Amino acid sequence: MDSITQAVLGASIQGALLGRWQGRKALLYGAVLGTLPDLDVIIDYGDSVAAMTYHRGFSHSLFVLSGFALLLTWLMRQWRPNPGYSSQRLFLAIWLVLITHPLLDAFTSYGTQLFWPFTPTPAAWSSIFIIDPIYSLPLLGAVIYGLIAGLKDKANPVVAWALAFSTLYLASTLGGKYMAEHRVEQELARQGIQAEAIFSSPTPFNTLLSRVVVIEGEDYHEALVGWFDSAPPVLERMPRGTALGEALEGSSAYQRLKWFTNDVLRYDRIGDHLVVTDIRLGMTGFHPFRFDFAHWQNGAWQVQAYIERWPAERGDMTRLALLWQRIWQPATPVPLALWAGELSRDLQGGGTSDSDLEPGRKAASSANDKGDPAL
């Protein structure tokens, strides 16, 4: 989640558990501790693939953070003991502030290595968008109220109620994820499509409309599913370009990216570049993590030693408004295939060679060149 949400979550937890003794300082301490795991971003892990896949690693490990909570508790009791509360209560507060950070991150689509140093596929429960006002605003309001009204030597239920509401809301988002995937699975069965993997995530800033990605060999499908839909989901088929990925099999960075994303990837040849896109994150056609893996040289793909991010566009407000309209008016057409076709455009200005594109991607590029009057 975003840093502000992590800060107010940590502040709310410490304020609820220790605010009576620490006063407003509990909110400050909790906010600092709540953002501490994200300080791993200052570490230079190497290239852009390493930066993505090592983030939310050791600093988000349940094992590491539990040990760190024990150490902080001992240090606090040695440095500034407070007879008003026990060491157990202090440990519980610190532990919850730290541990809820990676657990909340795991509800997003990115991927959190909760069990580092063990290496299962990173947790990406993907039931909430990285910024969700319904989750964050009650916590922010409670923290502001606590700063104004104070917490010391008094019972203040506002912070506790805000925590309870946000937690229940977070749990409810799993219901939306289940609903979206279940409806898509029913449509897949009706069409006789054998899915290799299904990944769903909320569309930006809400949990009422989900985007579902279905991997099927050389292609993938995308569908939008909303709480107010009555018709079956519309599955739009798109080329995945998996044949291009064969040239990368010897790359350790590529293997790590496949592990991190559970292979929910798309491949595009853009000019002389082989670009790999993590299609889990962002919105159709607008994915923040794209990597320039290889260059076409002397009739073959040459994997780069240092892999850089490929430029990515952000969706505009017109498209965001269209998605918002789709929530309340399920019949609203959303051109997912057209948006996905924009991934084959060269944002660096080198142009895209149609002769190197699959027929399906050619059609998408042609449609993109003509533009869409609905957007």
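The values are calculated or read from the model by the stated rules, or taken from the named source; none is laboratory data. From a predicted model like this one, the values you see are computed outputs, not experimental measurements. Ideal geometry is used to build each Cβ from the backbone, glycine not excepted, and the neighbour counts take in all protein chains shown. We work out accessible area using only protein heavy atoms, side chains counted, and drop any ligands, DNA or RNA first. Shrake-Rupley method; radii C 1.70, N 1.55, O 1.52, S 1.80 Å.
Tell me which of these GLU308 doesn't satisfy, since it passes every other one: (1) more than 22 Å from ASP272 (Cα to Cα); (2) at pLDDT 95 or above; (3) of a type in the set (Asp, Glu).
With respect to (1) more than 22 Å from ASP272 (Cα to Cα); (2) at pLDDT 95 or above; (3) of a type in the set (Asp, Glu), GLU308 is out only on (1).
Listed here are the residues, each with its yes/no results for (1) touching a residue at least 60 places away in the same chain (Cβ under 8 Å); (2) more than 28 Å from LYS258 (Cβ to Cβ); (3) open to solvent by 10 Å² or more (accessible area, probe 1.4 Å).
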{"residue": "ILE134", "(1), (2), (3)": "yes, yes, yes"}
{"residue": "LEU139", "(1), (2), (3)": "yes, yes, no"}
{"residue": "ASN156", "(1), (2), (3)": "yes, yes, yes"}
{"residue": "ALA160", "(1), (2), (3)": "yes, yes, yes"}
{"residue": "PHE165", "(1), (2), (3)": "no, yes, yes"}
{"residue": "GLY176", "(1), (2), (3)": "no, no, no"}
{"residue": "GLU181", "(1), (2), (3)": "no, no, yes"}
{"residue": "SER200", "(1), (2), (3)": "yes, no, no"}
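Read through the list (1) free of Cβ contacts under 8 Å to residues at least 40 places away in the same chain; (2) part of a helix (DSSP H, G or I), then give the number of the only condition that TYR45 fails.
Single failed check for TYR45: (2).
Does LEU224 count as open to solvent by 10 Å² or more (accessible area, probe 1.4 Å), free of Cβ contacts under 8 Å to residues at least 60 places away in the same chain, closer than 18 Å to PRO335 by Cα and in the same structural domain as GLN186 (by the TED database)?
Taking the combined requirement at face value, the residue does not satisfy it.
Looking only at residues in the stretch 15-34 that are under 26 Å from the mean Cα position of the chain (by Cα) and open to solvent by less than 10 Å² (accessible area, probe 1.4 Å), which one is nearest to ILE99 (Cα to Cα)?
Looking at the filtered set, the residue picked out is GLY34.
Under 9 Å between Cβ atoms, which residue pairs at least 6 apart in sequence (or on different chains) link something in the stretch 316-330 that is surrounded by 11 or more Cβ atoms within 10 Å (Cβ to Cβ) with a partner that is acidic (Asp, Glu)?
PRO330/ASP229
Can you tell me which residue in the stretch 227-249 is most open to solvent (accessible area, probe 1.4 Å), limited to those that are in contact with a strand residue (DSSP E or B) (Cβ under 7 Å, 6 or more places away or on another chain) and within 30 Å of PHE118 (Cβ to Cβ)?
THR242
Going by what's in this entry, would ARG280 be described as closer than 23 Å to ASN206 by Cβ, assigned to a loop (DSSP other than H, G, I, E, B) and modelled with pLDDT of 95 or more? Quick ask: steps written out before the conclusion?
Details: closer than 23 Å to ASN206 by Cβ: yes; assigned to a loop (DSSP other than H, G, I, E, B): yes; modelled with pLDDT of 95 or more: yes.
For ARG280, the condition - closer than 23 Å to ASN206 by Cβ, assigned to a loop (DSSP other than H, G, I, E, B) and modelled with pLDDT of 95 or more - is met.
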